[in-house]
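Undergrad: I am attaching a structure below and will ask some questions about it afterwards.
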Amino acid sequence: QVQLVESGGGLVQPGGSLRLSCAASLRIFDIYSMGWYRQAPGMQREWVAHIFNDGSTNYADSMKGRVTISRDNAKNTMYLQMNSLKPEDTAAYFCNAVEAGTAYWGQGTQVTVSS
């Protein structure tokens with residue numbers, strides 16, 4: 001079983017940046033796929049980005065060019081660097097891991113973009 005803990009959310013002004021972290025309870029080197037999702041109030045959870053254990057990445061069009069997903073296998077941590085943030089990026093951000101066919105979720109970290 002994989003436990004995931006997100007951190008790094010907060011309040012940021014439009015145009016600002018944040019880096020989210022997702023710490024895993026086991027070696028992420030062995031995890032096939034890890035990703036970030038977000039959910040705004042009253043909305044469905046939305047995919048943001050994924051990174052696979054070969055280092056390949058995919059991004060949702062809504063954030064492509066403004067976010068970078070990465071993983072540090074030595075620290076068992078995945079990151080989401082977010083730049084040029086907009087008010088519509090306000091949401092709870094969740095990290096996800098898929099291992100042996102099972103999906104695991106963190107508890108989420110809130111990102112609020114507001115002046």
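Undergrad: Give the number of residues within the stretch 12-26 that are open to solvent by 70 Å² or more (accessible area, probe 1.4 Å) and closer than 14 Å to Y93 by Cα. Working first, answer last.
TA: So in the stretch 12-26, the residues open to solvent by 70 Å² or more (accessible area, probe 1.4 Å) come out as 13, 19.
Checking the rest, the ones that are also closer than 14 Å to Y93 by Cα come to 19.
Total meeting the criteria: 1.
Undergrad: In addition: Would you please name the residue that is farthest from A97 (Cα to Cα), looking only at residues in the stretch 27-43 that are more than 11 Å from the chain's Cα centre (by Cα) and open to solvent by less than 60 Å² (accessible area, probe 1.4 Å)? Even if it seems obvious, please write down each step before you answer.
TA: Looking only at the stretch 27-43, we keep the residues that are more than 11 Å from the chain's Cα centre (by Cα), and these are 27-33, 39-43.
Then drop every residue that is not open to solvent by less than 60 Å² (accessible area, probe 1.4 Å), which leaves 28, 31, 33, 40.
Details: I28: 9, I31: 7, S33: 6, A40: 20 Å.
By that ranking, first place goes to A40.
Undergrad: All but one of (1) open to solvent by 50 Å² or more (accessible area, probe 1.4 Å); (2) free of Cβ contacts under 8 Å to residues at least 40 places away in the same chain hold for G55; which doesn't?
TA: (1)
Undergrad: Identify the single condition in (1) over 15 Å from G108 (Cα atoms); (2) modelled with pLDDT of 95 or more; (3) surrounded by 15 or more Cβ atoms within 10 Å (Cβ to Cβ) that G9 does not satisfy, given that it satisfies every other one.
TA: (1)
Undergrad: With a cut-off of at least 1 residues that are open to solvent by 70 Å² or more (accessible area, probe 1.4 Å), name the strands (runs of 3 or more DSSP E) lying wholly within the stretch 73-115.
TA: Because the criterion is at least 1 residues that are open to solvent by 70 Å² or more (accessible area, probe 1.4 Å), the strands (runs of 3 or more DSSP E) in the stretch 73-115 that meet it are 102-105, 109-113.
The values are calculated or read from the model by the stated rules, or taken from the named source; none is laboratory data. None of these values were measured; they are calculated from a predicted model. Note that each Cβ is placed from the backbone with ideal geometry, even for glycine, and that neighbours are counted across all protein chains shown. Each accessible area value is taken on the protein alone, full model and side chains, heavy atoms only, with ligands, DNA and RNA left out. Shrake-Rupley method; radii C 1.70, N 1.55, O 1.52, S 1.80 Å.
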